[in-house]
Structures are given as C-alpha cells and as structure tokens.
1. Out of (1) in contact with a helix residue (DSSP H, G or I) (Cβ under 9 Å, 6 or more places away or on another chain); (2) buried (at least 19 other Cβ atoms within 10 Å of the Cβ), what's the single condition that is false for residue 144?
2. Given the residues 62, 102, 98, which is the only one that is at pLDDT below 95 and under 22 Å from residue 157 (Cβ atoms)?
3. For residue 80, work out the one condition from (1) in contact with a strand residue (DSSP E or B) (Cβ under 9 Å, 6 or more places away or on another chain); (2) in contact (Cβ under 8 Å) with a residue 24 or more places away in the chain it doesn't fulfil.
4. Looking only at the range 121-154, count every residue that is part of a strand (DSSP E or B) and either among the aliphatic types (A, V, I, L, M) or touching an Asp or Glu at 6+ places or on another chain (Cβ under 9 Å) (or both) and tell me the total.
5. Kindly list, by first and then second residue, each pair from a residue in the range 133-148 that is within 17 Å of residue 89 (Cα to Cα) to a residue that is of a type in the set (S, T, N, Q), limited to pairs with Cβ atoms under 7 Å and residues at least 6 apart or on different chains.
6. Just checking, which of 46, 53, 42, 19 is surrounded by 13 or more Cβ atoms within 10 Å (Cβ to Cβ), at pLDDT below 95 and not in a loop (DSSP other than H, G, I, E, B)?
7. Mind counting the residues in the range 124-143 that are under 13 Å from residue 153 (Cβ atoms) and under 12 Å from the mean Cα position of the chain (by Cα)?
8. Could you give every pair whose Cβ atoms fall below 8 Å, whose first residue belongs to the range 86-114 and is of a type in the set (Ser, Thr, Tyr), and whose second residue is part of a loop (DSSP other than H, G, I, E, B) and surrounded by 16 or more Cβ atoms within 10 Å (Cβ to Cβ), counting only separations of at least 6 or pairs across chains?
Amino acid sequence: MTGIAFVVRGTPAPQGSKRGIIHRSTGRVVLIESSKNVAPWREAVRSAAAAARREHSANIFDGPLYASMVFTIVRPRSHYRTGRNAHLLRDDAPIRPDTKPDVSKLARSTEDALTDAHFWLDDARVVEYTRLAKVWAREDPEALDTPGAVIRVWPAPVITPQLALEVPA
C-alpha cells in the first residue's frame with residue numbers, strides 16, 4: 001500500500017482534558033470534552049480522511065506507519081502594525097506559533113479522529129513522525145492559506161535488524 005496525503009480545512013483543536021459528570025437518570029459517569037472546538041475539528045478530519053481513502057481506493061492502514069502532520073494557524077491581527085503599515089508584521093511578532101494549543105494535543109485529537117474514521121487500525125501503529133508542526137498560514141512550504149492541516153501517512157520501511165552487534169569493551 002502506498003501513502004496518502006490529504007488536507008483538512010478548519011480550525012485545529014487540541015484534545016484536552018475531560019470532566020466527568022454523573023448522569024441524573026442512570027447514575028453513571030459521563031465524560032464531557034472540555035473544549036467545544038474539538039468535535040468540529042474531529043469531524044472535519046474524519047470527513048477528509050474518508051474522502052482521501054475513497055479517492056485512493058485505499059484499505060485501512062495497518063502495520064508500522066510513518067506520519068506527518070502540519071497544522072496551519074492564522075496569525076492574529078495583533079501581530080500586524082496599524083494604519084498604512086497594516087500589512088507589515090510588528091517587530092515583536094513571533095516567528096512560529098509558540099503558544100496554545102500544544103502541537104502534541106493537536107496531534108492527539110487528529111490521531112483519534114483518524115482512528116474513528118477507520119483510516120488506520122490504531123494510532124499506536126504510528127512509529128515515527130517525520131514532521132509534526134504548527135505553522136503560520138502562508139509562511140511555510142507546507143502551510144495552507146486558511147486554518148487546517150496537511151496530513152500524510154505511509155507504511156514504514158522494513159528495516160532488518162543487524163544479526164550481530166558489537167559490544168564495546
């Protein structure tokens with residue numbers, strides 16, 4: 001099976017913590033997502049992943065996988081100057097999006113959505129990320145023009161273990 005690359009449009013949302021409440025009728029604990037933005041993001045990922053699988057007539061990914069996820073974030077207006085220089089960045093504008101959301105939590109919500117979409121058997125199959133990044137829109141070769149993500153997944157190459165290892169004395 002070859003790899004698949006696809007674009008997800010929407011605002012990337014982190015997989016945050018959950019809080020538990022007790023259901024009035026059943027008395028069971030129900031977990032509620034702390035971020036209201038996670039559900040729309042996960043749905044966007046599921047839809048894009050399903051479309052990519054259909055387009056490539058691909059089966060569910062299984063076995064060791066490599067992945068790349070590049071999340072595009074739009075710069076806030078506060079990063080720009082005002083007046084006739086409104087198109088220029090302020091001197092103190094950050095070069096990369098180094099504030100929340102955490103890139104690891106963005107990956108977590110996206111991995112869970114890909115598992116829900118039956119894109120891969122389990123996110124535990126990912127053995128290596130070749131790139132996991134948050135970038136500003138239009139400021140990176142893999143950045144989108146709008147919020148979203150570029151996701152790539154492919155089977156990991158088969159590596160044969162060395163038969164004999166030299167042990168230092």
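1. (1)
2. Just one listed residue meets the conditions, 62.
3. Tallying (1) in contact with a strand residue (DSSP E or B) (Cβ under 9 Å, 6 or more places away or on another chain); (2) in contact (Cβ under 8 Å) with a residue 24 or more places away in the chain, residue 80 fails exactly one: (2).
4. Count: 11.
5. Note: pairs meeting the criteria are 135/72; 137/72; 137/146.
6. Residue meeting the stated conditions: 53.
7. Summing the residues that are under 13 Å from residue 153 (Cβ atoms) and under 12 Å from the mean Cα position of the chain (by Cα) in the range 124-143 gives 3.
8. 109/12; 109/13; 109/14; 109/15; 110/12
The values are calculated or read from the model by the stated rules, or taken from the named source; none is laboratory data. Worth saying up front: this structure is predicted, and the values here are computed from it rather than measured. Neighbour counts run over all protein chains shown; Cβ positions are idealised from the backbone, glycine included.
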